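The structure under discussion appears below in the form of structure tokens.
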Amino acid sequence: MPPVLERPIENQTNNGSPVLEPVYCFPDSLRDVHTHYCPGCTHGTIHRLVAEVIDELGIRERTLMVAPVGCAVFAYEYFNLDSCEAAHGRAPAMATGLKRVLPDQIVFTYQGDGDLASIGTNEIIHAAARGEKITVIFVNNAVYGMTGGQMAPTSLPGQVTSSSPAGRNPAIQGHPIHIPEMLAGMPGVAYAVRRSVHSVAEIRKTKKAIRQAFQTQLDGLGLSIVEILSSCPTNWRMDPAGALDFIRDQMVPVFPLGDFKVIG
Amino acid sequence: MIRGTVVIDRERCKGCGLCVGVCPHQLLQMESGYNARGYHPVQLADSAGQCTGCGVCAVICPDVVFSVYREGRVKR
């Protein structure tokens, strides 16, 4: 539902003066509810991009979302879509079942890095190996956001988190996992890219990639995954603008943006 | 110059301030008052009519606070 206009735009159309026309309004695929995300959290941005793409492709009535466990656990409350909630990390397995039973539906999962790259690594790798024709929106903010900012498999080398107070040491805690690069080598994967939401230009590129990922599924080419570098101002102990700078300056060098596999 | 405006849903705003930094004409500022959730929402300070409806505030906003309007065809 569009927000109530605070001042009547229509009043500006009289006497031959130029008409102010709406160029951006609230997407139909989102519900007009208050989200629980922290101020400045880019989960909201990514929700909006996915909703805009679904609106533009005209597939809202036949799209199914599988929600994750993590900060986005209430995504089914925020999207105006048919949705279901998977056990932690099991969204690609549930999406596999949905897509195989309902092959005409568009099925996507929305997962964080704790969900997809940690407890759910098994599920995403085997969904990719089977070449399931699903779309995966993978939000990487380099920490476990919901549980208090502990180190994730995607935390940066040297990153201080609540469970790595001296900084992540790759010699002890290992190196960050690069999911799209890993999946790009598998024949069942048709689209594997990484994008970011740290600036207006990057947000626009991210939307194009999400659109391409859904188009890949519509064309039946194989699994499509978009990893999106996202901010976590609360657990990074930063202000929202500083968190976007952290993505640009610290995360992008470790997680390079780009296309790792594009078929079709 | 193309004219436009934005309509702000002040109850959705969480006061993160990302839009303030990206507005090319610095037309956005945080209210001193609070909305129902206790945040200082953003407001448009455009008495000179400088807003072009470019929409970058709507692109950066994580909470879909903005609706963007832009000058279109002329009705005679």
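Observations
- Any hit, the range A:9-28, residues being surrounded by 14 or more Cβ atoms within 10 Å (Cβ to Cβ), modelled with pLDDT of 85 or more and within 17 Å of the chain's Cα centre (by Cα): yes
- Any pair with Cβ under 7 angstrom, 6 or more apart, that starts in the range A:36-62 at a residue that is free of Cβ contacts under 8 Å to residues at least 12 places away in the same chain and ends at one that is assigned to a loop (DSSP other than H, G, I, E, B): A:Gly44/A:Thr35; A:Gly44/A:Tyr37; A:Gly44/B:Pro62; A:Gly44/B:Asp63
- Subset of the range A:119-165 [in contact with a His (Cβ under 9 Å, 6 or more places away or on another chain) and part of a helix (DSSP H, G or I)]: A:Ile119
- Candidate set from the range B:37-57 (those that are closer than 26 Å to A:Phe79 by Cβ and touching a Lys or Arg at 6+ places or on another chain (Cβ under 9 Å)); member that is nearest to the other protein chains (Cβ to nearest Cβ): B:Gly55
- Among residues of the range A:32-74, those that are under 22 Å from A:Gly145 (Cβ atoms), buried (at least 16 other Cβ atoms within 10 Å of the Cβ) and either within 14 Å of another protein chain (Cβ to nearest Cβ) or more than 13 Å from the chain's Cα centre (by Cα) (or both), counted: 19
- Subset of the range A:150-167 (residues that are over 12 Å from A:Gln250 (Cβ atoms) and surrounded by 20 or more Cβ atoms within 10 Å (Cβ to Cβ)): A:Met151, A:Ala152, A:Pro153, A:Thr154, A:Thr161
- Across the range B:16-57, the qualifying residues are those that are of a type in the set (Gly, Ala, Ser) and within 12 Å of the chain's Cα centre (by Cα), and the one among them that is farthest from A:Met238 (Cα to Cα) is B:Gly53.
- Members of the range A:117-164 that are touching a Pro at 6+ places or on another chain (Cβ under 6 Å), over 22 Å from A:Leu218 (Cβ atoms) and of a type in the set (A, V, I, L, M, F, W, C): A:Ala117
The values are calculated or read from the model by the stated rules, or taken from the named source; none is laboratory data. Since we're looking at a predicted model, the values are computed, not measured. Neighbour counts are summed over all protein chains in view; Cβ atoms, including those assigned to glycine, are modelled from backbone coordinates with ideal geometry.
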